[in-house]
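J.: Input: one structure, supplied below.
Nothing in this text is a laboratory measurement; each read-out follows from the coordinates by a stated rule. Note that this is a predicted model, so its numbers are computed, not measured. With ideal geometry, Cβ positions are generated from the backbone for all residues, glycine too; neighbour counts draw on all protein chains shown.
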Amino acid sequence: MTTRKLERPEWQRYFDEVSKHLPTMRVGISIMGESIGVQPESEDSVLVGISYDPNDEALEVDAANISHRMPKPKQIFVREEAGRLSSIEVIAQDGTKQIIELRPLPSLPAS
């Protein structure tokens with residue numbers, strides 16, 4: 001498992017590439033800050049896609065039941081396990097953190 005900081009110039013390319021090869025996964029989104037503690041935004045949704053729009057300067061996570069937009073991120077860190085994205089930490093301009101956790105869908109039992 002490795003965690004690394006993405007540099008701003010690679011944000012769009014990284015998320016475009018990840019979205020192309022990301023298997024169907026569950027996503028959980030939490031917002032953390034000194035004044036608000038930990039606030040779950042979405043706990044167990046099916047991920048539709050992740051993208052960064054350089055014109056709007058926003059990272060967006062789309063799930064089956066929610067679209068979560070993070071305008072003007074200050075920093076983005078990604079954690080990868082076995083070559084696959086497992087979580088994203090977005091630090092906002094105000095210092096709050098938004099954690100996006102990705103989990104594989106449960107497998108059906110063998111018949």
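J.: Which percent of the Cα-Cα distances in the stretch 2-104 go past 21 Å?
T.: 27 percent
J.: Measure nothing fancy, just the Cα-based angle from helix 11-21's long axis to the longest principal axis of the chain, in degrees from 0 to 90, nearest 10.
T.: It is inclined by approximately 10 degrees.
J.: Tell me the net charge near Glu43. Cut-off is 11 Å between Cβ atoms, Glu43 excluded, with +1 for each Lys or Arg and -1 for each Asp or Glu.
T.: Net of charged neighbours comes to -1.
J.: Using helices alone, I'd like the mean residue ellipticity at 222 nm for the chain: each DSSP H run of four-plus residues gives -39500 (n - 2.57), total over residue count, nearest 500.
T.: The per-residue figure over the chain is -3000 deg cm²/dmol.
J.: Nothing charged except the Cβ atoms of Lys and Arg (+1) and of Asp and Glu (-1): what's the magnitude of the dipole of the chain about its Cα centre? Round to the nearest 20 debye.
T.: Its charge dipole is roughly 260 debye.
J.: What relative contact order, as a whole-number percentage, does the stretch 18-111 give when Cα pairs under 8 Å and 6 or more residues apart are counted?
T.: RCO, the stretch 18-111: 28 percent.
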